[in-house]
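The values are calculated or read from the model by the stated rules, or taken from the named source; none is laboratory data. Only a predicted model underlies this, so the values are computations on that prediction, with no experimental measurement involved. FYI the Cβ positions are ideal-geometry reconstructions off the backbone, even for glycines, and counts take in every protein chain you see.
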């Protein structure tokens with residue numbers, strides 16, 4: 001298959017590209033405009049493969065998208081390009097509206113125009129996967145899980161923009177019969193994760209003897225999903241999911257933020273011991289506005305219909321992740337100076 005992966009230089013997108021090219025032998029056309037979150041170093045393992053192609057394109061540039069479709073004649077699109085940092089959306093929502101909503105519109109229209117020009121066989125096989133987040137559902141109480149039928153209730157500019165993209169994708173299926181499938185995932189972690197995100201930030205701050213920042217009292221709960229497991233799920237949904245359907249992707253690994261940070265400290269105490277426990281560096285910081293209390297995904301539909309299951313528990317995944325950061329300073333070192341603190345403290349705002 002030839003698959004366009006938008007946002008393929010980002011954290012999840014690059015994992016998808018690596019999986020497609022290295023593990024499956026498909027061709028990945030990485031379409032990315034290389035914002036702060038896009039890093040071609042994420043693709044170092046496949047950059048010389050004849051099955052990997054890079055196009056520096058903004059998905060809001062309709063003419064450039066038309067050129068990409070015409071040049072590569074893809075069999076499918078996996079749409080991951082997005083502004084994705086909740087904290088950044090609070091202080092600068094405009095980029096999120098532009099990329100996540102208008103960009104999705106331009107991509108849908110460029111893909112639909114290309115699809116309409118295909119012969120019957122190719123047209124029937126074409127797929128467009130819109131990759132989204134569990135944050136569109138809002139916040140859960142102490143019990144319950146997000147299901148595919150859970151009403152949308154976004155509470156940040158980021159989640160509102162992603163909810164809008166989901167609605168556009170679904171509307172293109174209902175209105176034009178365009179072959180769309182939607183996925184909504186829980187929090188990802190793993191190699192090549194931008195150092196401003198919670199898990200890599202805590203790992204690197206711990207190694208450098210810096211404070212380990214936790215919002216509020218650390219009781220916010222997330223369901224953690226190892227990024228390589230997510231990449232496999234996305235390809236499964238793309239190729240086997242029912243058109244017009246959505247599939248939740250989760251790792252069944254609920255943890256409070258405090259539990260996550262303490263687990264990282266415990267693993268580092270073993271892998272990179274020092275005189276005092278890493279937990280001594282934990283620091284509580286002002287909570288961010290609209291910080292949802294709990295997310296948890298019910299992935300039963302994906303597991304029962306399509307046979308996917310996460311290979312990693314949180315314990316195995318976090319050990320792999322920490323070891324990767326210990327072994328790969330060449331990657332995170334150049335990025336570290338730009339992401340030494342969590343952005344969501346919103347000082348002065």
Checklist entry - Of all the residues that make up the range 149-171, how many are surrounded by fewer than 19 Cβ atoms within 10 Å (Cβ to Cβ), without any contact (Cβ under 8 Å) to a residue 24 or more places away in the chain and assigned to a loop (DSSP other than H, G, I, E, B)? => result 5
Checklist entry - Counting just the residues of the range 89-117 that are more than 21 Å from residue 171 (Cβ to Cβ) and out of contact with any helix residue (DSSP H, G or I) (no Cβ under 6 Å at 6 or more places or on another chain), which one comes out surrounded by the most Cβ atoms within 10 Å (Cβ to Cβ)? => result 90
Item to check | Residue, surrounded by the most Cβ atoms within 10 Å (Cβ to Cβ), within the range 241-254, restricted to residues that are more than 18 Å from residue 169 (Cβ to Cβ) and more than 16 Å from the chain's Cα centre (by Cα) | outcome: 253
Checklist entry - Assuming residue 45 fulfils every condition listed in (1) surrounded by 17 or more Cβ atoms within 10 Å (Cβ to Cβ); (2) part of a loop (DSSP other than H, G, I, E, B); (3) modelled with pLDDT of 95 or more apart from one, which condition is it? => result (1)
Checklist outcome for this item: By my count, helices (runs of 4 or more DSSP H) wholly in the range 89-148 with at least 3 residues that are closer than 20 Å to residue 13 by Cα are 104-116
Checklist outcome for this item: Looking across the range 304-327 at residues that are part of a loop (DSSP other than H, G, I, E, B) and in contact with a helix residue (DSSP H, G or I) (Cβ under 9 Å, 6 or more places away or on another chain), the single one that is nearest to residue 207 (Cα to Cα) is 312
Next on the checklist: within 20 Å of residue 34 (Cα to Cα) and modelled with pLDDT under 95: which single residue out of 94, 84, 155 fits that description?
Outcome noted: 84
Checklist entry - Does the range 264-279 include one or more residues that are buried (at least 16 other Cβ atoms within 10 Å of the Cβ) and touching a strand residue (DSSP E or B) at 6+ places or on another chain (Cβ under 7 Å)? => result no
